[in-house]
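Shown next, in structure tokens, is the structure this report addresses.
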Amino acid sequence: MTAVAGATSAAAAPAGAADASLAPYGSPSRFEADVVRRPRGVPTPAMTPLGEQLGIITPSGLAFVRNHAGTPSLDPRTHRLVVHGLVKKPLSFSIADLMRFPSVERIHFLECSGNSANGWSALGAGVQFSHGLLSCALWTGVPLRAVLDEAGLQPDAAWVVAEGADGALYDRSIPLGTTLDDALLVYGQNGEMLRPENGYPLRLLVPGFEGSANVKWLRRLKVTAAPVYSREETAQYTQPGPDGKIRLFDLVMEAKSVITYPSPGRRLDGPGFYELRGFAWSGRGRITRVDVSTDGGTTWSPAQLDDLRAPKALTRFTAPLRWNGAPVELQSRAADDAGGVQPTRAALVAARGSALRYHVNAIARWAIDRDGRVTNLDA
Amino acid sequence: MPDRRLRGALAALALAALTFGCARAAASNGPYGLGRPATTSEIAPLDIDVAPDGSGLPDGRGDAATGARVFATSCARCHGAGVVLSPERWAYATTLFDYVRRAMPPDRVSRLSANDLYAVVAFELTINGVLARDVQLDRKTLPQITLPGRGRFFTGP
């Protein structure tokens, strides 16, 4: 093996030499060192490098992070979950107790309600900043219903207030009802315990709900008849509509998609064949269709959906792109099995006003110029 | 023959549906006898939620003048002279009490007393133009405050 000029000796090291890849807990190739959460050096929010994500599962170390009072260090041997309020029998669980319940695993996305909001593009050109408050994981845990049933719901139980053990004792009110069909208390993320920054050792996961409702470092569930109207569900994570009114508990993330390849910040390597790739997701259910346009939304054709299409999970789509070197404008439009269709930005602005801050599921518009440079037309 | 095969297939399908139905119903086939009873004394210190009707508010009282002193000691290091709140974005004054109690100051060692909390909330509501300077806040008076944004909030479609 001949060392390439500029390569370090490690790159040319013969097999059998000290090998960092054999570390007890491995890490990505050093040639992938740029694939990291950004912005770097800022505690939160740290965004998923979506442009480099190859499949629907976001590696745990790349999953976006938005914290409200830092990451607590919780010992699973002493951490407990207390369930009380409108229950017949208030209970306290250790993590070991919760791991003894019948368990399930599910693939679900998490999207911060502020994903794709106006202003993030100031951080950079890439899809990491326009759409990177998004991740998807294989979650392992116990159905919320099983834990609440263990305590026994009283007849007037209608909400559960979930509280974390972070510095802000962050809390959110979650409506019961259909939430109980698929809400989980999760301890596993992608086959291992949750990462500290993503809620270790226990978090709430309400599939399809805005990310901030999925309370991390869960320490308490209080069953109530009404919401508690915490700061983070009234003064924060809400947005006045064009009439000035503020809708509370607008929690479900609607149908959305984004083309991750090609995506802004990249440059195509000349005319020829490319595979257009992206992700679609909906908090309402399963993705049924993604259409793509290469002429700015004038004509559309169906993209190929991968077979792996879990409800409330990222679904990968692809389409052939034969680029002839002329400027094109790429768009993708998702539809879900609840009848939801991703709107244009103009339609969203008409419905909700121009200050798009939360639940922004508008169709993204990427331009490719004659030099192959990809830019975000809404940045 | 094709009929019999079809009948067999349908029977298998029906059985599968039944089994699947049972499997779903069994998803919460407890109780499992897991966890231990949570005692009242264990829950009480954790149960800090304050609802809009004032339930959960502690005994105690405070006014803006006292709150100004508490703020200078415990809050000014990060928040300067006072926090500009945009009261039109808050639905309930109880939420402010709840938030300050659960989240401020961020170092857990110096949590505020109930009297200090009422005082700081009074101070904040006063400097943000919501509360008269001489009002004492307590578990009765705090829930009676109507913030200017109250009418903007709604739930449902």
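The table for this structure:
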{"item": "Fraction of antiparallel bridges per DSSP, chain A only, in percent to nearest 5", "result": "95 percent"}
{"item": "Computed over the protein assembly as shown, the ratio Rg/Rh where both radii use C-alpha atoms and Rh is Kirkwood", "result": "1.01"}
{"item": "Nitroxide proxy distance, nm - points 7 Å out along Cα→Cβ at A:R373 and B:R133", "result": "5.9 nm"}
{"item": "Net dipole in debye of segment A:269-379 [+1 Lys, Arg Cβ; -1 Asp, Glu Cβ; about Cα centre; nearest 20]", "result": "420 debye"}
{"item": "Inter-site label distance for A:T178 and A:A96 at 7 Å from Cα along Cβ, in nm", "result": "4.0 nm"}
{"item": "Amide H contacts of A:I174 (H built 1.01 Å from N, under 5 Å, at least 5 apart or other chain)", "result": "A:V160, A:V161, A:A162"}
{"item": "Alpha-carbon centroid distance for the pair segment A:336-352 / segment A:294-328, whole angstrom", "result": "18 Å"}
{"item": "For the protein assembly as shown, size of Cβ-based charge dipole, Lys and Arg +1, Asp and Glu -1, in debye", "result": "240 debye"}
{"item": "Label-to-label distance, nm, for residues given as A:S354 and B:K140 (7 Å Cα→Cβ offset)", "result": "5.1 nm"}
{"item": "Cα centroid separation - segment A:183-215 against segment A:53-115, whole Å", "result": "3 Å"}
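Computed from the coordinates by the stated procedures, all read-outs in this text should not be read as laboratory data. Fair warning: this is a prediction, and the values are worked out from it, not measured in the lab. When we count neighbours, we look across all protein chains shown, and the Cβ atoms used for this are built from the backbone with ideal geometry, even at glycine.
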